[in-house]
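J.: One structure is given below, represented as structure tokens, and several questions about it will come after.
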Amino acid sequence: MCDVTKIKFTGKGYKIKKNTKSSVIMLFNRAHMTVFWWNNIIVKKLKKYKLYIKYTHYNQTAIRTILNLRSINIFTKKGLRQSRQIVYKKKGKK
């Protein structure tokens, strides 16, 4: 059985490049680039800020590690999230 998830990301300078069939380079405003390697996962880049991932039930930890690379900032709403995940913005100091 294959599961499908879509990942959206927002943020200035965030980029995802598909390097080979089994690696993705993620640039998230860090000093070093993050390279993610996988087995039995299909990755497609739908748009500039959307990523389509098809995976098996055994590779759910891979999706969690991708989402934890850049978690959502509650003040600016920047980071990685799943496509239908609801994110609330927190107000700053008054």
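J.: How high is the relative contact order of the range 2-82, given as a whole-number percent (alpha carbon pairs under 8 Å, six or more residues apart)?
T.: It comes to 35 percent, rounded to a whole number.
J.: Return the calculated 222 nm mean residue ellipticity for the chain, to the nearest 500 deg cm²/dmol, obtained by summing -39500 (n - 2.57) across DSSP H runs with n ≥ 4 and dividing by the residue count.
T.: Value at 222 nm, helices only: -3000 deg cm²/dmol.
J.: Continuing with this model, one more query. Give the angle, between 0 and 90 degrees and rounded to the nearest 10, that separates the Cα long axis of helix 60-69 from the longest principal axis of the Cα atoms of the chain.
T.: Roughly 40 degrees between the two axes.
J.: Turning to a different aspect of this structure: If you take the beta carbon distance between GLN60 and TYR88 as r and set R0 to 25 Å, what does 1/(1 + (r/R0)^6) give as a FRET efficiency, to the nearest 0.05?
T.: E between GLN60 and TYR88, to the nearest 0.05, is 0.50.
J.: Now for a separate question. Could you order peptides 33-43, 6-16 by the average number of other Cβ atoms within 10 Å of their residues, highest first?
T.: In decreasing order of mean packing, 33-43, 6-16 become 6-16, 33-43.
J.: Then there's this: Relative to the Cα centre, what is the charge dipole magnitude of the chain, using +1 at the beta carbon of each Lys and Arg, -1 at the beta carbon of each Asp and Glu, and rounding to the nearest 20 debye?
T.: The calculation lands at about 740 debye.
J.: Can you tell me the length gained on complete extension of the stretch HIS32 to LYS8, counting 0.36 nm per residue apart and subtracting the Cα distance?
T.: Result: 6.5 nm gained on full extension.
Every number here is computed from the coordinates shown, using simple stated rules; none is lab data. Quick caveat, the model's predicted, so the values are computed rather than measured. Cβ: placed from backbone, ideal geometry, glycine included. Neighbour counts: every protein chain shown.
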